[in-house]
Amino acid sequence: MSFLYPSFLWALFALSIPIIIHLLNLQRSVKLDFSSLEFLQAAKKETSSKQKLKHWLILLARCLFVAMLVLAFAQPFFSSASKKDNIAKLGVYIDNSLSMENQPYSEITALDEAKQLAIEWIESQTAADGFHLVSNNFAQTYQSRKKAIEKISQLDLTTQTLTFSEIRKKLDVYPNHQKMILISDFQKKDFQDINELKKDTNNLIELLSLNQGEEANLFIDSVWVEKANQKVQQTKVAVRIGSHGKQESEKVSVKLYLNELLVGTGLAEVNPTSGAVVNFDVSSITEDAVGYVAIEDYPITFDNKLYLKFQTASKQDLIIIDEDKNSFLHTIYDDSSLFRVHRLTKPPIPEHLKEKNAFIVYRGDAADAMSLKEEIAQGSNMIFIPQDEKELAQKLNQHFGLQTNEGTIQEPQTLVLSDQNNPFFKQVFEKKQERINMPTAKQFIQTTVNTALIQYPDGTPFLFSKTYGQGKIYLFTSPIDDEYSSFHQHALCIPFFYQLALSSGTFDQPMYYRSAQESINFSLQNYAATEAVHLSSIDYDVIPSQSVRNKKVILDLPKDIWMGDYTLSIGDKKIEQLAVNYPKEESKTSYYSQDDLKKIFSSNENITVFGESSMNDELLSRKLSGSSVPLWKYCVALSLLFLVIEICLIRFLT
C-alpha cells in the first residue's frame, strides 16, 4: 500500500487525544452519601465491569474514527502491478546546465521545478526496481528509490553541457524496453540532433519541456583591446553586448571594474540583431590587473558578468639573425620598448636564447636556415627574408616543404594587400583603407600557398605564412633590398614587421578563456616537468591534468570550472593569472517548446511530450487510476461507521 499524500500521516499523532481524555476521565470520582452499603455490594461488582467495557469500546471507536479520517486525507492506494510487469531500470535525465537558472515558473528556477517533478515521477513508477539517473555532470544507478530521490535533491547547476546524442549514450545502458524521461528546457543548441530520437521505437520515452518559449536575454558577448597585442598602454577597450530574443532596441548600463574599482561606465543601446559596442579608456592602468565587465538584465543573470585579465606591456624576446650590422631590421626593432633584441650574425641559436622561445627574424641563406628548423617545429615563429642565391626554391622545398618555384616577375610591380578584412590588418590600420600607396617588388620565387598577406597583381604571394610543426614561418618571396624591393623604404614596413612579431607573441595570454575550452597552453621558462602547476581561486585549488610539449605547458581545464579569476602557481610562486567565463552559446535562449516537440514526434506512439502543468496532472492521475486501486473512499466510510458506533455506545450501552 502507498499513499498519495504521505505527509498527512503525521496527523496520526492525534490518536493520543482520545487516549488522554479517557485516562483523565478514569481519575474523576463522584461521592454519594448512602445510609448503608450492605445491599449494594453485589450490584457494584457487576456495574463496574460493564462500565470498564463500555469505556474501552468508546475509546477504540474514537481512535479508529480519527485513524480512518487521517488515512482518508493521506489517500492510500494499492498498486495492481505485478512483479512480471516490472520494467528494468528506469532512465531519468535532469538538465542542470546554466540555462536552467531561468525562472519560468514564478519564484523558483527551472532546475528546482525539474527536481521536484523528477521526484514525483519516480514515486509514481511503482513497478520499477531501480533508477538510472543522468545529469550534465553525473550518471549513476540506484536500486533504492529513496537514494535516487536523495541524489536528485542534491543536484545543482553545472557549467557542463551535453548534446542530445551524449545524453542518449549515457541513458542507453540497459537493453530495449526501457522507460525513460528527459526533463530539460530543451535549448536548441544542445538538442540539434533530437530528430534522431524518432528512430527509437523500442523504449517508452517521456519528454518534459520546462520553458515558456523563447526568452529575451542580453549578455556580454566579448571584450577586446583595439590595439596590438592587448597591451594596456593602448587605451581603447571594446565591449560587445549581445542580444537574443529581443524584439526592439534596449538601453543597458555597462560597467568596467579593474582590481575591484569602477574605472568606467557606459550606456549601450542594444540592437536586437546586431547588439552594441561600448568603448572604455583604461590609460591609467600601469600594472597587471584583473577585473570584469557587468550589466544588469533579468531573469537570466549568469551571463551578466565577464571576467578579464589585463596585461601591461612587457618586452618580448626577439632574435635578429643578419650578417649586415647596418640592416634595416635593426632600425625597426632596436629602439622599440616592446622588444628585447638579441643580435646574431649567423645560426645556430645559443642554448641560453633557445630557452626564451623568442621570435626569430632571419635574413640570410636558405642552407643556414636549416639549423632553425628544430626551434620552429617546437613552437617558435620566424620571419624569413631570402637572399639572392641559386636554387633557393629547391632548398626551401627540400628543407621546409614550402611548395615554391623560381619567380617569373622580373620587373618591379606594385604590390596589393590580399584582404583587409583579415584580423591581422586591424592592428596595422586604424580603419579600412580605400586607397593605399603600396611598395613595389620583383618576384624571386613563387608559390601556390594561399595564405598571402601581401601579393603581386596576379595574386601570387609576396608575403605569406606557412605552419611548420608547432611554429610558423612568414616568408617573403623576394629579397628586401634596393635591387629587388622598395618595401624596406615604405611606410608600411615598420607596422608590418611590428605586427608580425606581436601577433606571434609567445608569452601573452588571452584576456579570458571560455570554460568550454578543453585546454590552455602557455610558455614558462625554467619549468621542470616534475613540478605541478596549481589552478586556484577562493575556496578552490586543483592540480589539473598537464603536460609539457615544445617548451609550452598545456593544462586541461576542469570540466566543472566556474567563471571567475584564477591563479596558476607552482608552490608559493605565482606564475600566471587567468580569467575564465562561460560559453556564450549558453546565453542564446532559443528552446524547443512543448508544441515544437509534439510536432516533431507526432508520429511516434512511444514518445509522449509534457509541459509542467500537464505533467502534474499526469502524475496525479497515475497515482489514482490505471495501475493502482484508491482506498480513500473506504477510509471515509469507515470513519463515519466508527463515529456512528461511538454514538450508539454512548446512548444505548448502559
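The values are calculated or read from the model by the stated rules, or taken from the named source; none is laboratory data. As the structure is a computational prediction, the values presented were derived from the model and not from experiment. Cβ sites come from the backbone with ideal geometry, for glycine too, and all protein chains shown count toward neighbours. Surface accessibility is based on the protein's heavy atoms, side chains included, excluding ligands, DNA and RNA. Shrake-Rupley method; radii C 1.70, N 1.55, O 1.52, S 1.80 Å.
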From the phi angles alone, apply the Karplus equation (6.51, -1.76, 1.60; θ = phi - 60°) to segment 563-580 and give each ³J(HN,Hα) in whole Hz, x where the residue is Gly or Pro. 5, x, 8, 10, 10, 9, 8, 10, x, 8, 8, 7, 10, 6, 10, 10, 10, 10
Other-chain or far-sequence residues with amide H under 5 Å of residue 91's (modelled H): 132, 179, 180, 181
Accessible surface of residue 9 in the full protein assembly, 1.4 angstrom probe, to the nearest 10 Å²? 50 Å²
May I ask you to list the trypsin sites (Lys or Arg not before Pro) in segment 252-333 that are in a DSSP loop and have at most 16 other Cβ atoms within 10 Å of their Cβ? 315, 325
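For residue 261 and residue 17, what does the FRET efficiency come to when R0 = 60 Å and r is the distance between their Cβ atoms, rounded to the nearest 0.05?
On the way: r = 65 Å, r/R0 = 1.09.
Here the calculated transfer efficiency is 0.35.
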Aspartates and glutamates near residue 574 by alpha-carbon distance under 14 Å, same-chain residues fewer than 8 away left out - which ones? 288, 531, 541, 565
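Order 288, 596, most accessible first, counting only protein heavy atoms with a 1.4 angstrom probe.
Details: 288 95, 596 50 Å².
Final ranking, largest accessible area leading: 288, 596.
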Leaving ligands, DNA and RNA out of it, rank 442, 559, 598 by accessible area with a 1.4 Å probe, largest first. 559, 598, 442
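So, counting K/R as plus one and D/E as minus one, what does the shell of residues with Cβ under 13 Å around residue 368 add up to?
On the way: positive: 346, 363, 373, 395; negative: 322, 323, 365, 389.
Within the 13 Å Cβ shell, the charges total 0.
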Under 5 Å between amide hydrogens, which residues at least 5 positions from residue 608 or on another chain qualify, with H placed 1.01 Å from N in the peptide plane? 205, 206, 207
Give the long-range amide H neighbours of residue 379: residues separated by 5 or more places, or on another chain, with amide H under 5 Å away, using H modelled in the peptide plane at 1.01 Å from N. 470, 471
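Over 26 Å between C-alpha atoms is what I'm after, so list which of 115/588; 115/633; 147/198; 559/584 land there. Working shown, then result.
Working: 115/588 23 Å; 115/633 31 Å; 147/198 32 Å; 559/584 16 Å.
With Cα atoms farther than 26 Å apart: 115/633; 147/198.
Using mean Cβ contacts within 10 Å as the protection proxy, how do 604-617, 535-548, 379-392 order, highest first? Don't skip to the answer; put the middle values down first.
Details: 604-617: 16.8, 535-548: 13.0, 379-392: 19.3.
Ranking the peptides 604-617, 535-548, 379-392 by packing returns 379-392, 604-617, 535-548.
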For the pair residue 346 and residue 640, the simple spin-label estimate (label points 7 Å beyond Cα toward Cβ) gives in nm 11.4 nm
